[in-house]
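K.L.:
Sending over a structure as C-alpha cells; questions will come in a sec.
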Amino acid sequence: CQMTMFPLLVFLMVNATLKHGINASSCDAFVSFGIILNSVVGKPLRAREMGQAAELISAKPESARMRSRITVGVQGFINPSTSLLKDTIAPLLEGFEIGMKLRDYQSANLCLGMFVANSFYAGLPLRDSDQMIALHIASEHSDLYTELFIHNYFLAVRTLRGDERDEDERGIVELANANFKNVTLTSYVSAVNLELQVFFGEWETATRLLIEAGDVRTALKGPYSGTRFTFLESLVCFRAARSCSGLTRWKWKRRGARSMKMIQTWVKKGNVNLEHSLYLLEAERGVMEGQKTKKVADFYKCAISLSEKRGFLQDQALANEFASAFFNTLDGYANSTKSHIDEAIKC
C-alpha cells in the first residue's frame, strides 16, 4: 500500500481493537502504532508503551503465532530508542527461534536480520560473530533482499576481522555500488559502508560517500542504523570542515551541527545508545574549532568511559584513537598520547 495509507490503516486497526476488543491482529495494530509514534511523531516513550501492549497480547496462547513478528517491531524499531542496544539482542534471538519453530519463516528471518544488525552496532566482539553465521546458515530465507541485508553485515564483520573472501564473492564496496532497486536496502548498505570508512580512518572516502548517499534517514526511520548514520554524518562533516576553508568549511560545519542537534534531541528524549556519541561529537567539534582545552579532553574521557560502560567496543576504540591524536598536539602529554592509542588497540 502507499505510505500515506499505512498510518490510516494502523489507526483503523487500533480503533477496531478499542471498539471490539483484543484479538491476535491487535498485536499488529499496537506495534505499528508504536513505530509511528517513535519514528514519525518523535515520542519514543509512548512508543515503548505501545510495544509493551503488543508484547502482552502476543504472550496469550491464542496470539502465540504473532510473537516472532511482534519481536521484530518492538526490538528492531521501537526499543533501540530508549533501551541499550545490547538488551535487544537476546529477545531478537528468541524471536528468531520462535518463528522457526512455528514455521513463520518470514518473521524469523526478519528477527535474524535485526539480530545481526543490532549485534554489529552494539559492539559485540568480532569473535562472537560465528554464532550469527551459524544461525544464518541454518535459517531459510524467503527473499533475496533479506539475504542481501544480512550478507551486508557479514561482509562488514569479515572486513573488520581481515577474513579473505572468495574470488567471485562481492565485497562491501561492490555491494555498495550495486544497482539495487530497493531504496531501503541501498540505504542499509551505504550506512554500513560509511561505518567501515570511519573505522579505518578513510575520511576522504567517507566524505565522498556521504555526498553520494544523501539522507538515508528517510529510508531508515526506526532502526538503530538510522540514528547511527546521523552520528557518523556529523563526525564526518566535522572532519571534512577541518581540511577545508571558506564557504566549503562553513557548509560542512552547518551540516555537522544539524546532525549533532538531532543527536542532542534524541538523547534528551531518552536514547541511551547515543550519550557517548554526543560526548565524542562535542570533543570533535572543539578540535574542529581549534580548541586545546581541558573541556575537550574531558569530553573525550566521558565518551571513552560511557562507551565502555555501555558496551560499545568500536566507539571506545574510536574515542581513544581520537583522544590520542588530540593529546599528541599538546606539549607534555606524551604519556596520555601513548596510553590512549594503546587502549584503542586493545579494543
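The values are calculated or read from the model by the stated rules, or taken from the named source; none is laboratory data. Keep in mind it's a predicted model, so treat the numbers as computed, not measured. Cβ coordinates were reconstructed from backbone atoms using ideal geometry, including for glycine residues, and neighbour counts include every protein chain displayed. These area figures cover heavy atoms from the full protein model, side chains too; ligands, DNA and RNA do not enter into them. Shrake-Rupley method; radii C 1.70, N 1.55, O 1.52, S 1.80 Å.
K.L.:
Can you compute 3J(HN,Hα) from phi for each residue in the range 250-265, using the Karplus curve 6.51 cos²θ - 1.76 cosθ + 1.60 with θ = phi - 60°, rounded to whole Hz and x for Gly and Pro?
P.N.:
Couplings: 4, 5, 5, 4, 5, 5, x, 5, 5, 5, 5, 5, 4, 4, 4, 5 Hz.
K.L.:
Using +1 at the Cβ of each Lys and Arg and -1 at the Cβ of each Asp and Glu in the chain, identify which of 11, 313, 159 lies farthest towards the dipole's positive end.
P.N.:
11
K.L.:
Any idea of residue 62's accessible area? Nearest 10 Å², probe 1.4 Å.
P.N.:
Taking all protein chains as shown, residue 62 has close to 130 Å².
K.L.:
Spelling out what I want: for every residue of the range 329-337, take phi, set θ = phi - 60°, compute 6.51 cos²θ - 1.76 cosθ + 1.60 (Karplus), and round to whole Hz; glycine and proline get x.
P.N.:
Karplus values, whole Hz, x for Gly and Pro: 8, 9, 7, x, 10, 4, 5, 5, 4.
K.L.:
About the Cα centre of the chain, how large is the charge dipole given +1 on each Lys and Arg Cβ and -1 on each Asp and Glu Cβ? Please answer in debye to the nearest 20.
P.N.:
Dipole magnitude for the chain comes out near 1600 debye.
K.L.:
Ok, one more. Just one of (1) 24.6, 83; (2) 21.0, 72; (3) 19.8, 72 is Rg and Dmax of the Cα atoms in Å calculated from these coordinates, so which is it?
P.N.:
Only one listed value fits the structure, namely (2).
K.L.:
Could you sort 276, 340 by accessible area so the largest value comes first, with the probe set to 1.4 Å?
P.N.:
Highest to lowest solvent-accessible surface, that is 340, 276.
K.L.:
Compute the accessible area per residue over the chain, keeping the other protein chains in place, probe 1.4 Å, unit Å².
P.N.:
50
K.L.:
Also, quick follow-up: What net charge do the residues around residue 27 carry, taking every other residue with its C-beta under 10 Å from that of residue 27, with Lys and Arg at +1 and Asp and Glu at -1?
P.N.:
+2
K.L.:
Kindly provide the helix-only [θ] at 222 nm of the chain, computed as the sum of -39,500 (n - 2.57) over DSSP H runs of four or more divided by all residues, to the nearest 500 deg cm²/dmol?
P.N.:
The per-residue figure over the chain is -23000 deg cm²/dmol.
K.L.:
Here is a further query. Considering only Cα-Cα distances, which of the following residue pairs are longer than 23 Å: 221/269; 268/295; 86/261; 43/268; 253/346?
P.N.:
Check vs 23 Å cut-off fails for 86/261; 253/346.
K.L.:
Can I ask one more? If you plug each phi of the range 184-194 into the Karplus form 6.51 cos²θ - 1.76 cosθ + 1.60 with θ = phi - 60°, what whole-Hz ³J(HN,Hα) values come out, in order, with x for Gly and Pro?
P.N.:
5, 4, 4, 5, 4, 5, 4, 5, 5, 4, 4
K.L.:
While we're on this one: Between residue 254 and residue 8, what length in nm is gained on full extension when 0.36 nm per residue of separation is reduced by their alpha carbon distance?
P.N.:
Here the answer is 85.0 nm.
K.L.:
Summing Lys, Arg as +1 and Asp, Glu as -1, what charge do residues with Cβ under 9 Å from the Cβ of residue 256 carry, residue 256 excluded?
P.N.:
Taking every Cβ under 9 Å from that of residue 256, the sum is +4.
K.L.:
Report residue 279's accessible area, 1.4 Å probe, all protein chains in place, as a number in Å² to the nearest 10.
P.N.:
Answer for residue 279: close to 80 Å² accessible.
K.L.:
Picking from 42, 246, 73, which is most flexible by a Gaussian network model of the chain using Cα springs under 10 Å?
P.N.:
Answer for the Gaussian network model of the chain: 246.
K.L.:
Hey, another quick one. Within the chain, what whole-number % of the accessible surface is contributed by carbon and sulfur, with the 1.4 Å probe and all protein chains included in the calculation?
P.N.:
Within the chain, the accessible surface is 54 percent carbon and sulfur.
K.L.:
Which distance in Å, rounded to a whole number, links the C-alpha centroids of the range 191-246 and the range 51-111?
P.N.:
The range 191-246 and the range 51-111 have Cα centres separated by 30 Å.
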